[in-house]
Each structure stands twice: as structure tokens, then as C-alpha cells.
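The values are calculated or read from the model by the stated rules, or taken from the named source; none is laboratory data. Please read these numbers as outputs of a predicted model, since none were measured by experiment. Neighbour counts are summed over all protein chains in view; Cβ atoms, including those assigned to glycine, are modelled from backbone coordinates with ideal geometry. Surface accessibility is based on the protein's heavy atoms, side chains included, excluding ligands, DNA and RNA. Shrake-Rupley method; radii C 1.70, N 1.55, O 1.52, S 1.80 Å.
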Amino acid sequence: MTGPLDGVRVLDVSTLFAGPLAATFLGDFGADVIKVEHPRRPDASRGHGPAKDGVNLWWKTLGRGKRTTTLDLSQPEGAALLLELARGADVLIENFRPGTLERWGLEPAQLHEANPALVIARVTAFGQSGPMARQPGFGSIAEAMSGFAAITGEPDGPPILPPFGLADGITALATAYACAIALRHSERTGEGQVIDMAIIEPILMLLGGQITAFDQLGLVQPRVGNRSVNNAPRNVYRTADGRWVAVSTSSQSVAERVMALVGRPDVIAEPWFASGRTRVEHVDELDAAVGGWIAERTLAEVVGEFERVEAAIGVVDDISGVMANPQYASLGTILPIHDAELGEIRMQNVLFRMSATPGEVRHTGRRHGEDTDAVLAELGITPEQARALRDRGIV
């Protein structure tokens, strides 16, 4: 495969989700990603989620396109080998607690001495400085601290954490974006740099204007369930045959079409209907009209009528519905790919389609350390030397 990142080498020295997923995104567009794991303690993500015949399924996606090697970085010989790998790399992604790389003699200054153009992405829960920097943390902690959980859930219920790695995924996207910017700078100047990525920050950026609203007005956004504080009607509604649909009216024209469809064209002329912010003040009335109309009709009838008047609607699907959705099929969002252990499997395709430089999934996640000998050979290490390193627990 050749792609826009062909020739870029990435050392993925991170674990679990945010760092490794950022490396996956880079690999999808041609980067040569070398996944570095401890010889006796593989990336913990290999043990997360369902497995088939002892083969972890999430790793097949998270590890795709990567070559896998092992190094014990806590041992001087292992750290020295990573430095040798760094000499020929463009990006290094790590997520150890602050101070860990420094303890091993792999601090950014040492890495940049070996390779001044190296981009070093340091992904941690709380960043490299501050009172919490050295504390352990995961995406769930970021979802709590950022304000996300506080606004998620029903008004009279508890805060809700997402049932998947939301903050980690957002951080992975931000890290891949940051690496692309740093690579552009490195190409132009030959100067590497350090990216300080704290998982608590990217999710906060996506929460809209809450910080400014609090700063200027003292507003604290409450939990409103599936409703919105910015427009109405916006909710999930149950159909007569027991299915659920999501309706959103973020634009004025769609709001008008929805209310005309459900038999309440009279509200369109009301002064308060002219903006999403003022429609929210009448959310109970609007929800009752939309919800009552949908409750009297089947899913097929509801979707058909919304499509006829060009109003926004989405069926609330579980993953089985996603797999059968013709829109996803048309886009090629779900990729069938051969796996050496499981045969043909399906997973998410690359993030987006590009007309000139498309991405491609080269292969699924490999076994722990599968490419160690090949990676070491690129450093000039013979098979006999590799066996000696393995005997000493370095690889």
C-alpha cells in the first residue's frame, strides 16, 4: 500500500485506547506503524471485550495495519533498542505516566538527540504538568471531569458515563490531528517537537459554548435527557410498533416542516417559534405533539412521512441494525477483511473517503510480538542476537 503517509514511520509505544487508536488512524493512511509492547505484559487492550476461540476481537481493529514487536523499555538494553528505532522514525506515541520515560533514560531530550526531527506525542490523562499530572486516569475520568457526565442523563437521574471509550476516541482523533500538524512542521524545518495531549481536554472542547456561557452569564447546563438546551423539538420517540426514532430540528425550516407534518402548523406563527432557544421554552408542548403523532404510527409510516417532507429523522438502531443499514453499505463504512486467525471478519473502515489519497486497511491486528525478529533485523540484529535478547527477556 502507498498512501499520503507512505514513508512515515510511527512507533506506537502506548497502551489501551487513545494512543494506540491515534496510531491506527495514521496507519490507515499509509504510515508504517511499529507497535512496541512489553515482552511479558501485552497491551491491555488485547484483553478487553469479547473474544472468539481465545482471539480478542477489538484488537483486530485497534491493531490493524501495525507491525508488532516487543521490548522491555525498563531495561537499559531495551531502552537502547528503542532509541535505535527512534533514529529512523518520524513519530513516537507514548502514554506512560509523566516521569516514566525520563526514569528509563528516554526523555524527549534524549530522543531528540537521537533524532532531532522526531514528533513525540505524550498522551496522558491529565497532561505533563499540574497537581494531577502523576495520578492514574482513564477516559471515564475525563468524561466525568470535563462536564460531559454532568449534562448526560435524565433531569432527576444520576450523571451518565458513556458505555464505550468516548473520551479516548476523541483524544485519538485529536492526537492524530496534532501529529499531522507536527509532521508538516518537521518536514519544512527538520525540527521535531513534543505534543502534550491530556485526555481531559479534547472532550471539553466539544461541549460547545458552556465555558463562555458560564463565564459571561453564570449558566450551568442541566441534564435534560434526550432533549436539547438549544432547540426543540429534539428527542427520541416511540412508534406504534415499539421502535424508537430520533428527531432533530436544529434548523428553522426543518422545525416548521415537522410541526406542519404532525398537525400543529399553528405554532409556526408564534413569536417564540422563531428560534431554537425560544422553542426550548415550549418543549413540553412541542414534544407532546411530535411524540403523540409518532406513537400512532408504525416505524415505516413515520420514516416515510418524514422523508416525504424532508425532515430529519433517524432510526435508533443497535449494532445489528447498523450492520444491515443500506446507507452504511453504500458508503463502505463496514469493511470485510481477511484475518489470519479468524478468516473473514468485518470491522469499521477508514474514517473518511478521499478522492486522491484514500486510506486502506492493510491487515488486521497481529499476534503479540509477531514481527519482532523482522523489526530487529532492520536494526542490523542477527537471528542469533535476537534469540539472545529473547533469552534475557529484553524482547
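Over the chain, with a Gaussian network built from C-alpha contacts below 10 Å, which listed residue (ARG122, ARG64, ARG227) shows the highest mean-square fluctuation?
Among ARG122, ARG64, ARG227, the largest GNM mean-square fluctuation belongs to ARG227.
Sum -39500 (n - 2.57) across every DSSP H segment of at least 4 residues in the chain, then divide by the residue count to get the 222 nm mean residue ellipticity, nearest 500.
That comes out to -10000 deg cm²/dmol.
Heads up, I need the accessible area for SER251: 1.4 angstrom probe, whole protein in place, Å², nearest 10.
50
What is the distance, in nm, between label points placed 7 Å from the Cα along the Cα-to-Cβ direction at ARG184 and at GLN385?
The answer from the label model is 3.9 nm.
Counting C-alpha atoms alone, how compact is segment 307-357: give Rg to one decimal and Dmax as a whole number, in angstrom.
14.6, 49
Any number yet on Rg/Rh for segment 42-109, C-alpha, Kirkwood?
Ratio value, two decimals: 1.04.
With springs only between Cα atoms under 10 Å apart, run a GNM on the chain and tell me which of THR278, THR364, THR15 wobbles the most.
Largest GNM mean-square fluctuation: THR278.
On the principal axes of its Cα set, how long, how wide and how thick is segment 285-389? Give whole Å, largest value first.
Computed over segment 285-389, the largest-to-smallest principal extents equal 76, 30, 28 Å.
Over segment 195-251, one equal point on each Cα, no solvent: what is log10 I(q)/I(0) by the Debye formula at q = 0.28 Å⁻¹?
With no solvent term, the Cα-only Debye profile gives -1.14.
Compute the distance from the alpha-carbon center of segment 1-72 to that of segment 178-256, in whole Å.
28
With a cut-off of at most 13 other beta carbons within 10 Å, and DSSP calling the residue loop, which trypsin sites (Lys or Arg not before Pro) in segment 319-368 qualify? Please list them.
ARG353
Please list the equivalent ellipsoid semi-axes of segment 21-81, computed as the square roots of five times the alpha-carbon gyration tensor eigenvalues, in descending order and whole angstrom.
The answer is 22, 17, 8 Å, longest axis first.
Enumerate the whole-percent occupancy of each 20 Å bin, from 0 to the last occupied one, for all C-alpha pair distances of the chain.
Going from the shortest bin to the longest, the percentages are 23, 48, 25, 5, 0.
Over segment 136-239, what number does the Rg to Rh ratio reach, with both radii from the alpha-carbon atoms and Rh per Kirkwood?
Here the Rg-to-Rh quotient is 1.09.
Within the chain, what's the longest stretch lacking chymotrypsin sites (Phe, Trp or Tyr not before Pro) that sit in DSSP loops with no more than 13 other Cβ atoms inside 10 Å?
Free of exposed loop sites, the longest segment is 165-351.
Given segment 234-316, what whole percent of its Cα pairs are spread farther than 16 Å?
Value for segment 234-316 (Cα pairs over 16 Å): 45 percent.
Using a 10 angstrom cutoff on alpha carbons, build the Gaussian network for the chain and name the most mobile of HIS48, HIS112, HIS38.
HIS48
Report, to two decimal places, the Cα Rg of segment 152-203 normalised by 2.2 N^0.38 Å (N = number of residues).
My calculation over the Cα atoms of segment 152-203 gives 1.68.
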